[in-house]
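*Asks:* So that we are looking at the same thing, I have put the structure below in structure tokens.
The values are calculated or read from the model by the stated rules, or taken from the named source; none is laboratory data. Everything quoted here is computed from the prediction, not taken from an experiment. Positions of Cβ are generated from backbone atoms using ideal geometry, with glycine treated the same way; all protein chains shown enter the neighbour counts.
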Amino acid sequence: MNRDEELEKMKEVLFADISSTHKVLTLLTPREEKVMRLRLGIWDPGREDQSKVRRLLSVLLAPRISLIQPLASIKQVSPDLMLHLKHEHEDITKVPARVFEEIVAELLAGMGWKEVKLVGRRYETSADILAGHFLPDGATPIKIFIEAKRWKDRIGVEVFNQVLGAMVSEREKFGWHQAWIMALGGAADTRKFSRDEWRAKGLEVKDKRDLFSWLDGYQPNSEGLWLPPDILEK
């Protein structure tokens, strides 16, 4: 019986007997055990409750491509990838640009944004992501034009001008309220306007610190990703 078959055989036992978590942990390599504990916050096998056992089981039986497949060859965001990045923030620099956009969208969806769409392949907009939410009154919508830049270098004023111009020109059609640039490498200081002046014009810059903070606060969806499957298929 191979290792996967052993894990599958223990499925029913796990749901009935919490102490069997010890047996599961003995089947893991030291590195896998460390990863599982980090991902689920489990440090003392004697203290797990039933829900943590179920979460442990779901991770063990799910495909673990994020820990094996080279990040540069990953084609699509997945629960495993999000859990990996939650604890290995710097690895986000290794994923393809399209997957980077999906990660940003998944983080926004996980934070409760009501409408998140990947629109980078649509000819009618220059945005990579559309993010919609409501003001505290629950009735007034806001829409954010998001440009995702996985560049290692800092973005300059030309990107600021490009994104701001695109957002303003599309405002009548899409109802944009603001533009965000998620720049992994950060942004260079611009002499043309200060950050506050750009913000007053409707342009906000997010950088690695913001992204890493979002990853720290990310809570996995028990049913998979927060993004609907049909969004990723388009």
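*Asks:* Do you know which residues across the stretch 68-92 are among the charged types (D, E, K, R), under 14 Å from Gly217 (Cα atoms) and not in a loop (DSSP other than H, G, I, E, B)? Show your work before the answer.
*Replies:* Taking the stretch 68-92 as the starting set, the residues that turn out to be among the charged types (D, E, K, R) are 75, 80, 86, 88, 90-91.
Among the residues that remain, those that are also under 14 Å from Gly217 (Cα atoms) are: 86, 88.
Across the stretch 68-92, the qualifying residue is only Lys86.
*Asks:* Can you pull out every residue in the stretch 86-125 that is under 13 Å from the mean Cα position of the chain (by Cα), surrounded by fewer than 16 Cβ atoms within 10 Å (Cβ to Cβ), under 18 Å from Leu227 (Cα atoms) and at pLDDT below 90?
*Replies:* None - no residue of the stretch 86-125 is under 13 Å from the mean Cα position of the chain (by Cα), surrounded by fewer than 16 Cβ atoms within 10 Å (Cβ to Cβ), under 18 Å from Leu227 (Cα atoms) and at pLDDT below 90, so the list stays empty.
*Asks:* Being in contact with a Phe, Trp or Tyr (Cβ under 8 Å, 6 or more places away or on another chain), not aromatic (Phe, Trp, Tyr) and not in a loop (DSSP other than H, G, I, E, B) is the filter here, so list the residues in the stretch 184-234 that pass it.
*Replies:* Ala187, Lys201, Leu203, Glu204, Val205, Lys206 - these are the residues of the stretch 184-234 that are in contact with a Phe, Trp or Tyr (Cβ under 8 Å, 6 or more places away or on another chain), not aromatic (Phe, Trp, Tyr) and not in a loop (DSSP other than H, G, I, E, B).
*Asks:* Among the residues of the stretch 126-161, write down those that are over 25 Å from the mean Cα position of the chain (by Cα) and either part of a helix (DSSP H, G or I) or not assigned by TED's automatic domain parsing to the domain that holds Arg199 (or both).
*Replies:* Correct list: Val157, Glu158, Asn161.
*Asks:* Which residue pairs have Cβ atoms under 9 Å apart, sit 6 or more places apart or on different chains, and have a first residue in the stretch 191-210 that is in contact (Cβ under 8 Å) with a residue 12 or more places away in the chain and surrounded by 13 or more Cβ atoms within 10 Å (Cβ to Cβ) and a second that is among the polar types (S, T, N, Q) and assigned to a loop (DSSP other than H, G, I, E, B)?
*Replies:* Qualifying pairs under 9 Å: Trp198/Thr190.
*Asks:* Of all residues in the stretch 140-160, which are exposed (fewer than 15 other Cβ atoms within 10 Å of the Cβ) and closer than 17 Å to Phe193 by Cβ?
*Replies:* Gly156, Glu158
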